[in-house]
Amino acid sequence: MNPDGVHAGVEPIRRQSQRSDRIDALRGLAVFGILLVNIWSFMWGFESLRYGVLPVTASLADRAAVFMTALVAEQKFYPIFAFLFGAGFALHTRSLKRLLGDWIKVRALYRRRLWWLLGCGVLHGTLIWFGDILSLYGIAGFFIVGFAGARLRTVRVALLCWAAVWIALVIFNLFAALPLSADGDLAGIATAMVKDAETARAIYTSGSFADIAVTRITDYVELMVQSVFLLPHVVVLFLLGILSVRLGWLTRPRRHAAGWRRVRGAGFALGIPFSLLWAGVALAE
C-alpha cells in the first residue's frame, strides 16, 4: 500500500489508462475535417460529383468554398482518423492485457467490440446517413485484431504486405480507367452524373420518407461495395497507428522530434503541390 492507501500495482495502471489529451485533440480535429468534406453528401447523395452540381453562375464565394475544402480538408482527415484508430487499438489492447493477463482473451474481447461496431455501422448507414465509416472500420478491424501482442517484426511485415496490395489496387484502377477515358463518351457520362446528382438532391431535400430511405440504403450498399477497394488503405493506416504506439512515435513524440520534422517537411513538399492540383480539379468538375 502507498501512503494514500492505494495498492502499489493499481495506481500505475490507473494512470496509464487515462485518456491522452493529444490523441483526443487529434481525433476531434479529424472528425471536424471529415464533417466538412462530407456535408455536401447530406444533400447530393453518393455520386461521383464530390460537391454537387456547381452552376456556371456560381458566386466567387461558392467557388472559393469548394476550392478551399478540397485543398485543406479532402483526403486529409480520414487518414488521420484511421491512423488514430490503429493507435487506439494498440493502447486499448495493451490496457486489456494488464487487466485480463492473456492476449487470447484480449483478442476475443476486441472481436466482440468489433461486431458491435459493425452492427452500429449498419444501423447508422441504413437508418441515418449512408456515408457511414463504422462498417468499414469494423470489417478492417478484424484484419488487425490478430496483431494484439504480436512482435514488431510481424506488424512491419504485415504493413508491407498490405501496402503492396493497396498500391496494386491503385495501379489496377488507373489502368482500368484508361480505356474508359480514351474510348468512352465522357460528355455523356458527365451528363448522366449530373442528372443522377440532381435526382438524389431532389429526393434528399424534398422526397418522402420512403423515397429517402430507399435512396439512402441504395447509396449505402454502393458505398460498401466500393469500400472493398479502400479496405487495404484503411488497414495500412491502422497498422501505422499500431506502430506509432509500439515505437513511441505518438506516445513519446519529443523523443522522435527529428523524425517528425522530416515527416512534416516531406508532407509539405509533396502534399502542397498535389493538394493544389486536387483542388483545381475539384473546381473544374
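Structure values in brief
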| item | result |
| --- | --- |
| Selection status of G88, within 20 Å of the chain's Cα centre (by Cα) and under 29 Å from A213 (Cα atoms) | no |
| Test: residue in the range 198-215 that is under 22 Å from the mean Cα position of the chain (by Cα) and not aliphatic (A, V, I, L, M) | no |
| Out of A197, A266, A213, A284, sole residue that is in contact with a strand residue (DSSP E or B) (Cβ under 8 Å, 6 or more places away or on another chain) and of a type in the set (A, V, I, L, M) | A197 |
| From L250, L283, residue being in contact with a Lys or Arg (Cβ under 9 Å, 6 or more places away or on another chain) and within 25 Å of S20 (Cβ to Cβ) | L250 |
| The one condition in (1) outside any helix (DSSP H, G or I); (2) in contact (Cβ under 8 Å) with a residue 12 or more places away in the chain that A150 fails to fulfil | (2) |
| Residue identified as within 28 Å of L100 (Cα to Cα), buried (at least 16 other Cβ atoms within 10 Å of the Cβ) and at pLDDT 95 or above among L114, L134 | L114 |
| Verdict on L243 being open to solvent by less than 30 Å² (accessible area, probe 1.4 Å) and either in contact with a Lys or Arg (Cβ under 9 Å, 6 or more places away or on another chain) or aliphatic (A, V, I, L, M) (or both) | yes |
| Segments classed as helices (runs of 4 or more DSSP H), wholly inside the range 25-144, with at least 1 members that are under 30 Å from L270 (Cα atoms) | 41-44, 60-72, 77-100, 134-141 |
| Sole residue being under 17 Å from L35 (Cβ atoms) and either in contact with a Phe, Trp or Tyr (Cβ under 9 Å, 6 or more places away or on another chain) or surrounded by 15 or more Cβ atoms within 10 Å (Cβ to Cβ) (or both), chosen from I139, I128, I80 | I80 |
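The values are calculated or read from the model by the stated rules, or taken from the named source; none is laboratory data. As the structure is a computational prediction, the values presented were derived from the model and not from experiment. Here the Cβ is made from the backbone with ideal geometry for all residues, glycine too, and neighbour counts use every protein chain on show. Please note that ligands, DNA and RNA were not included when accessible areas were found on the heavy atoms of the full protein model with its side chains. Shrake-Rupley method; radii C 1.70, N 1.55, O 1.52, S 1.80 Å.
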